[in-house]
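Where a number appears in this text, it was derived from the coordinates with a stated rule and is not lab data. The structure presented is a predicted model; accordingly, all values stated were derived computationally and were not measured. Positions of Cβ are backbone-derived with ideal geometry, glycine not excepted, and every protein chain shown enters the neighbour counts.
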Amino acid sequence: MHLKLLSILLLCLSFLNSSVIQTEAGNPPEGFQALVNGKDFTGWHGLSHFAPEKLKAMSKEERETKRAKDLKDMNAHWTLDNGVVVNDGKGVYLTTDKEFGDIEFLIDYKTAPKADSGIYLRGTPQVQIWDYTKEGGKWDRGADKGSGGLFNNSKDAPGRDPAVLADKPFGEWNQFRIKQVGARTSVWLNGKHVVDHAIMENFWDRKKPLYAKGPIQLQTHGGEIRWDNLYIREISADEANKILREKNNEGFEPIFDGKTLNGWQGSVENYEVKNGSIVCKPGHGGTLFTKAVYQDFVVRLDFKLPPGGNNGLALRYPGKGSPYVDGMCELQVLDNTAGKYAKLDKRQYHGSVYGIIPAHRGYLRPVGEWNFQEVTVKGSTIKVELNGTVILDGDVSKVTEFMGDKPHPGKDIKEGHFGFAGHNDPVEFRNVTIKKL
């Protein structure tokens with residue numbers, strides 16, 4: 001092959017590597033915006049290692065006092081060198097004023113021997129940056145595996161350690177690409193995929209999911225580190241749902257053809273198909289359920305709530321009676337923000353095993369936007385992942401306290417139909433797929 005032609009071919013192939021996005025100082029890739037203006041730290045402030053909920057619990061005066069103290073510390077240890085962010089290895093962390101949810105984040109860094117650093121996402125530690133050499137003295141903590149892992153996840157949790165060692169030698173620039181949808185976090189370091197769609201845990205309170213939003217923080221200590229080309233792109237709801245829907249989708253089969261209610265039974269007359277979605281007719285209800293019967297399964301679907309919308313997922317429904325009593329459960333589908341629902345029992349909000357186990361709140365998209373939800377039913381356990389965040393993971397067989405002190409006799413049922421429990425509101429469902437376990 002002619003040398004010139006070979007060179008052109010190799011150049012083209014380099015651009016096809018989707019795990020690396022080429023960046024230049026002051027020139028964000030399409031769709032991204034710069035987080036540092038190169039002149040000053042507008043849009044940033046200093047913040048020490050501090051729990052977000054503790055910060056929110058402070059009075060306005062207490063927060064202002066802390067902000068002023070942290071700003072003084074920040075100015076002592078953070079500088080700009082021809083547009084490059086530099087930290088001397090000491091002091092508070094550089095923190096964005098803005099809070100972010102679903103994002104794609106690009107950042108370059110150059111670290112020094114024995115330095116220890118990281119990137120906080122949603123105010124939570126962290127995507128780790130190590131001195132990966134033996135001389136760094138932290139092989140006992142996993143530094144030999146390299147940077148990019150979600151180091152503050154629980155031991156042996158997915159994503160805690162990077163899949164491969166991808167660090168460059170000291171003195172060279174490293175490039176991170178980080179994508180986060182809900183708590184689902186993926187990390188590429190120098191073009192290598194080191195964390196794949198792993199749940200990032202809430203370091204501050206492991207009984208709760210990762211926050212829905214929070215600031216980005218640059219953590220540094222132990223040695224000088226330089227940061228450059230900080231670019232961010234906020235991921236839309238539609239793109240986030242697509243990412244979640246298409247990940248690990250092997251074995252899922254559609255149970256709704258997008259056009260008809262073939263394969264469904266029950267209150268068929270109270271539902272209709274509109275624009276590729278199953279919709280409960282306004283003022284109507286009842287349970288629409290599959291002809292097929294399931295034992296253990298995973299179901300994935302998109303749903304959209306109108307203001308005040310109320311529906312439910314019927315799990316292991318026996319084909320008669322009320323899903324929340326006679327079936328394993330009704331998994332609530334609800335507009336948590338509606339004023340008329342402000343004083344419900346905590347076991348009645350979205351994602352809850354109705355009347356039995358409460359779900360974490362604050363992870364629904366705004367009313368009128370499509371949400372993505374995955375529900376895993378295995379034995380007596382139910383796990384609900386909403387928009388990339390696990391909002392419920394419980395075992396109905398271990399529950400002894402019920403809403404209204406009314407037991408649910410069907411909760412221990414071993415098999416049944418999957419369906420929708422309508423409550424008079426035009427809640428929409430689409431892309432309904434299921435995988436038997």
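Per-structure values
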{"quantity": "Per-peptide average of other Cβ atoms within 10 Å, ordering 203-211, 98-106, 250-258 highest first", "calculated": "98-106, 203-211, 250-258"}
{"quantity": "Along each principal axis, Cα extent of segment 207-337, largest first, Å", "calculated": "67, 34, 34"}
{"quantity": "Distance in nm between pseudo-label sites at Ala338 and Glu272 (7 Å out along the Cβ direction from Cα)", "calculated": "2.0"}
{"quantity": "Part-to-part distance (alpha-carbon centres) for segment 188-221 and segment 393-437, which is given in Å", "calculated": "31"}
{"quantity": "Rounded to whole Å, sorted largest first: equivalent-ellipsoid semi-axes of segment 16-235, Cα gyration tensor", "calculated": "24, 21, 19"}
{"quantity": "Net charge dipole size for the chain [Lys, Arg +1 and Asp, Glu -1 on Cβ; Debye, nearest 20]", "calculated": "560"}
{"quantity": "Where only C-alpha atoms are counted, convex hull volume of segment 241-436 per residue in Å³", "calculated": "108"}
{"quantity": "Nearest-20 debye value, segment 241-436 charge dipole, Cβ charges on Lys, Arg, Asp, Glu", "calculated": "120"}
{"quantity": "Relative compactness, segment 26-93, computed as alpha-carbon Rg over 2.2 N^0.38 Å", "calculated": "1.31"}
{"quantity": "Projected-area mean, segment 327-437, by convex hull of Cα positions, square nanometres", "calculated": "7.4"}
{"quantity": "For segment 106-136 and segment 317-363, distance of Cα centres in Å", "calculated": "42"}
{"quantity": "Segment 241-436: relative contact order in percent, alpha carbon pairs under 8 Å with at least 6 residues between", "calculated": "34"}
{"quantity": "Sorted by Cβ density within 10 Å, fewest first, the residues Asp81, Asp144", "calculated": "Asp81, Asp144"}
{"quantity": "Residue order, fewest to most beta carbons within 10 Å, for Ile243, Ile382", "calculated": "Ile243, Ile382"}
{"quantity": "Per-residue Cβ neighbour rank within 10 angstrom, fewest leading, His350, His197, His417", "calculated": "His197, His417, His350"}
{"quantity": "Given charges at Cβ of Lys, Arg, Asp, Glu: segment 241-436 dipole, positive-most of Ser397, Asn336, Gly285", "calculated": "Asn336"}
{"quantity": "Dipole magnitude of segment 60-143, debye to nearest 20 (Cβ charges: Lys/Arg +1, Asp/Glu -1, about Cα centre)", "calculated": "240"}
